[in-house]
Every structure is written in structure tokens, then in C-alpha cells.
Amino acid sequence: MSRRQALLNGLLRLTAKRYFARVTDPRQARLDMERACARMLRAPPGTVVVAVPIGPGGAVSIRSGRGQASGKICLYFHGGGYISGSPQTHTPMVARLSRLARVECVVPRYRLAPEAPHPAAFEDAIAAWRDLRARGYGRRDIVIGGDSAGGGLALALLARLCETGEAPAGLIAFSPWTDLSGAGASLAQNAGRDPMLPAHRFEEAAQFYLQGAPARTATASPLFAAFPACPPVFLQCSDSEILRDDTLRMAAHLRSFGAEVTLQVWPGAPHVWQMFDGWIPEARAALAEAGAAARKMLSLPPR
């Protein structure tokens, strides 16, 4: 663990974890996340962000760097516990991923809870996929990605596409939230170690999205979905986060369907540490690994 990461963990423990432990209004959490990300995170120089009509709520196209592959794309779903986050909060991280993978990324604005509970986000993810296909992208020209809740959403979409014989080139997920029932052992084991997420708020957070729907339904918790003929999957998580086992069990579940899974477990990192590109070296290193994985999935030569 770098010294910068250790300092960041301490800062998050004093600020973010205390905030998440007490905030009760999802709308306030949404507003605060927008403000915090705008204040703290910066996209790489030369990043181009353009609004595009993809998905019911629209999306942003993000390109950063030179030499980007033509006809290839990453459909990326932002995190935020299904109650917060947006294309804007995640533009800096996704821009870095675009630069490292040399691929355009599209981030849809899907509907958020509690105003739009499950399965609204999933329905919007399906619509975004269909819009990309209608624009002429072949299924093997698209990599799906996401982080946290967005990672779970990406995996739920992947399951549906596998079932319908329309699987993409592959999937990349950072600390995906895959089990809204909270059955993972790390929820208790890492309650004290996780520098960002308070374990005691887990069930409450899940219910904002589920609102009475079964927690183990496949479109909310892809850990319980089927993945026939699954393409390659690349997963990253931290060994100290409460959602660690959502990733570990997801990797084992995907492998049971014969999927080629690359699993990277990083030591001591905060939840979705990739967001802190420019703050800690671990973020850039993790995104570089993900970018290389995306290029391989899309049958592009190494950088």
C-alpha cells in the first residue's frame, strides 16, 4: 500500500464513512456526491465530453487521448448505490479509462431510487444497449463496464444478453454490488476495516432500490443469475471493503458457467479506489489493467 493510499484511507474514515453512517435523505446524498466529485476529481487534459441520445435519460460520450479505436466502444454504468451518481460524477475516472484503453466510453443516465425503484435502472440499461446496437455497433464491438451498483447493473445486463444469445465482447467491473441480500461474509468481516462504507447501513441502502422486491432476483442481484456462453470478465475489488465477497463469489459463479474470469484483489484500497485517479497511484495502476483488458476483449492490439 502506498503512503498516499494510507493517507486517503484515513481521510475517508474521518469524512466519507462518518457521512454515509448518518445521511438519511437519498436526494441529499445525491446532491452531496455531485458536489464532492466536482470539487475533488478532474478529467485528464484533452478530454472531450458530448451529450448523446442513448438510453431513456440520455448519456455522455467520453473520449480522452489520441489514437482511439474506430467502431469500438465501452458502455459504462456509474455507481452510487442506485440512489446517486451520474455521468458527471464519473467522467474523470471514465475519461482516464478511455485514455488508457484508447476507446470511446458512453455513460448512460439511468433512473435512480427511491423515485424509480427496481427494475427501473435495469430497464434503462437494456434500452442503452439497444440504442448502441441500433447505431450499428456489433455486439462484439462493445465492452460493458461499471462500478459498485453500476457494476452490478452491468453484470445483470450481461446475464440477460447471455440468455438471449447477444453477449458483448466482455465486461469490466470495479467492486460490483452483486448481492443485495447481504449474504457475503465480508459485510461483517470487513465492517471495521472498510475505510468508506458503513456496514450497518447495508440493508437500508438495498431497500431504497428494492422497495420490497426480492433481494435475490437476478435483475437486482446478478450473483443469482445464469450466464450461459459468457464472454471474458475482468473484476477488481479490495480485500478490505465490505463488498469484497460480492466480487469473489461473483467470480466463482461466473467460472461455474465456464467464463474466463480475471480477478484482481487489491490490498487495503477503499471501495472503487479507481475514482481517485490523480490522488493515489493504485487508482492509475488499476485503470491501466482495466484498459488493457478492454483492448484484449475488443481484439485490439496492446498499447
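May I ask you to verify whether R66 is more than 20 Å from S175 (Cβ to Cβ), in a helix (DSSP H, G or I) and of a type in the set (K, R)?
Working: more than 20 Å from S175 (Cβ to Cβ): yes; in a helix (DSSP H, G or I): no; of a type in the set (K, R): yes.
So R66 does not fit the description; no.
Filter segment 103-116 down to the residues that are touching a Lys or Arg at 6+ places or on another chain (Cβ under 9 Å) and assigned to a loop (DSSP other than H, G, I, E, B), then identify the one that is nearest to A206 (Cα to Cα). First the steps, then the outcome.
The initial filter retains those residues of segment 103-116 that are touching a Lys or Arg at 6+ places or on another chain (Cβ under 9 Å), namely 103-105, 112, 114-115.
Add one more test, that the residue is assigned to a loop (DSSP other than H, G, I, E, B), and what stays is 103, 112, 114-115.
Working: V103: 33, L112: 13, P114: 10, E115: 14 Å.
Only one residue tops the list, namely P114.
Within segment 222-260, work out how many residues are closer than 25 Å to G80 by Cβ, open to solvent by less than 20 Å² (accessible area, probe 1.4 Å) and not charged (D, E, K, R).
Adding up the residues that qualify gives 17.
List every residue pair whose Cβ atoms sit under 6 Å apart, with the two residues 6 or more apart in sequence or on different chains, where the first one lies in segment 180-195 and is under 20 Å from A16 (Cβ atoms) and the second, anywhere, is of a type in the set (V, I, T).
S186/I242; L187/I242; N190/I242; D194/I242
Out of the residues in segment 273-295 that are open to solvent by less than 10 Å² (accessible area, probe 1.4 Å) and in contact with a Ser or Thr (Cβ under 8 Å, 6 or more places away or on another chain), which is nearest to F224 (Cα to Cα)?
Of everything passing the filter in segment 273-295, W273 is nearest to F224 (Cα to Cα).
May I ask you to list the residues in segment 58-69 that are open to solvent by 40 Å² or more (accessible area, probe 1.4 Å) and under 17 Å from H90 (Cβ atoms)?
Selection gives R63 alone.
Give me the pairs: first residue in segment 1-26 and under 18 Å from G192 (Cβ atoms), second residue at pLDDT 95 or above and surrounded by fewer than 13 Cβ atoms within 10 Å (Cβ to Cβ), beta-carbon distance under 8 Å, and six or more apart or on different chains, which are they?
Final answer for the pair search is M1/P267; A21/H200.
Only residues that are among the aliphatic types (A, V, I, L, M), out of contact with any Cys (no Cβ under 6 Å at 6 or more places or on another chain) and open to solvent by less than 10 Å² (accessible area, probe 1.4 Å): list them for segment 98-135, please. Talk me through it step by step, then tell me what you get.
Residues of segment 98-135 that are among the aliphatic types (A, V, I, L, M), as a first pass: 100-101, 103, 106-107, 112-113, 116, 120-121, 125-128, 132, 134.
Those left that are additionally out of contact with any Cys (no Cβ under 6 Å at 6 or more places or on another chain): 100-101, 106-107, 112-113, 116, 120-121, 125-128, 132, 134.
The answer is A101, V106, V107, A113, A120, A121, A125, A128, L132.
What is the one condition in (1) touching a Pro at 6+ places or on another chain (Cβ under 9 Å); (2) surrounded by fewer than 23 Cβ atoms within 10 Å (Cβ to Cβ) that L298 does not satisfy?
Going through the list (1) touching a Pro at 6+ places or on another chain (Cβ under 9 Å); (2) surrounded by fewer than 23 Cβ atoms within 10 Å (Cβ to Cβ), L298 breaks only (1).
The values are calculated or read from the model by the stated rules, or taken from the named source; none is laboratory data. Fair warning: this is a prediction, and the values are worked out from it, not measured in the lab. Glycine gets a Cβ as well: all are built from the backbone with ideal geometry, and neighbour counts include every protein chain shown. Keep in mind that these areas ignore ligands, DNA and RNA; they rest on the heavy atoms of the full protein, side chains included. Shrake-Rupley method; radii C 1.70, N 1.55, O 1.52, S 1.80 Å.
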